[in-house]
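Report on the structure given below.
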Amino acid sequence: MPLLTPDLLARLATLKLRARAVAEGVLTGLHRSPHHGQSVEFAEHKEYTPGDEIRHIDWKAYGKTDKYYVKRFEQETNLRAWLVVDASGSMGYRGPAAAMSKLEYASTLAAALAYLLVRQQDAAGLVAVGAEVVRSVAPRAAASHLAALEETLERLVPAGRTRLEAAVDHVVEAAGRRSQVLLFSDLLDAGEGVIRRLARLQKRKHEVAVFHLLDPAELEFPFQDPTLFLSMEDDRRLEAHGREVRKGYLEVLGRWLEATRREAAEADVDYVLCRTDRPFDEVLLPFLARRERHAA
């Protein structure tokens, strides 16, 4: 079943994803640019297509490759977004009240935002991570690129430990200039605090948002009877009476969620808690509305 169903696309038909901070580059009517006048720097090459300015053809590149490439400058480049999807073992969890696993939900959100980005001629890329980076697709703005992103998302299989720092390090290395970084994860990472690592991206002038995905069973702990809990990332297991441990579990969960929200606010990281039993537009519409207000 395709992630971008006609129903979802219809609900997204009038939306535009706007950057909250000053975007590097300009696309008239969508992003503000920090560059003015003619004082702009060379950014990258792109293959010549009909309609491009002939005066920007790089003849030296043509001499070496026998292909026409056009120089693009910072003023002409669009927003670049990296969609970072956690594909670790814990993302495969799906409780009885959810229609899909956390990874399926994350992949659908990422595909929807990629659709919005590419439709408005922004570049969308993808990084999928478990214990290491398992997939990476460089950002592109071509309409044909959307199919490649969706195919990569559909093929993700949850496996291994969570190591989100691998994705952060990959983005730091790959995203040379200011980008938007959208993380989709349950944040169940035993390593260094994830939000603190993301704050480093924020300090590098990247714009960061976190979609924190949790199954309703993880949020409500509906288990009443003696239950065997199995880790989805290693061989740990725990047998407990659900009714007896529920109160303590919810207290620990509440403290963790509050600490995560606080760290995100202090780091100026946009934080969205996502229940995987909620319709996608309940997540996307408020997020995009906030972007509109900040971009205004």
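The values are calculated or read from the model by the stated rules, or taken from the named source; none is laboratory data. Note that the structure is a prediction, hence the values are computed from the model and not measured. No Cβ is skipped: glycine too gets one built from the backbone with ideal geometry, and neighbour counts run over all protein chains shown.
Quick notes
- Leading residue by the ranking (surrounded by the most Cβ atoms within 10 Å (Cβ to Cβ)) among those in segment 251-288 that are among the β-branched types (Val, Ile, Thr) and touching a residue at least 24 places away in the same chain (Cβ under 8 Å): Thr276
- Segment 123-143 residues that are at negative phi and free of Cβ contacts under 8 Å to residues at least 60 places away in the same chain, paired with ones that are surrounded by 17 or more Cβ atoms within 10 Å (Cβ to Cβ) and acidic (Asp, Glu) (beta carbon under 7 Å, 6 or more apart): Val129/Asp86
- Where Phe184 falls short, out of the listed (1) over 19 Å from His212 (Cα atoms); (2) in contact with a Cys (Cβ under 9 Å, 6 or more places away or on another chain): (1)
- Unique match (being within 12 Å of the chain's Cα centre (by Cα) and among the hydrophobic types (A, V, I, L, M, F, W, C)) among Leu117, Leu146: Leu117
- Pairs, first assigned by TED's automatic domain parsing to the domain that holds Asp186 in segment 94-113, second of a type in the set (Val, Ile, Thr) and at pLDDT 90 or above, C-beta under 7 Å, six or more apart: Ala98/Thr276; Met100/Thr276; Lys102/Thr276; Tyr105/Thr276; Ala106/Val85; Ser107/Val85; Ala110/Val85
- Residue match in segment 239-257 (condition: more than 25 Å from Gly89 (Cα to Cα), in the same structural domain as Val172 (by TED's automatic domain parsing), part of a helix (DSSP H, G or I) and at pLDDT below 80): yes
- Meets criteria (out of contact with any strand residue (DSSP E or B) (no Cβ under 8 Å at 6 or more places or on another chain) and not charged (D, E, K, R)) for Gly254: yes
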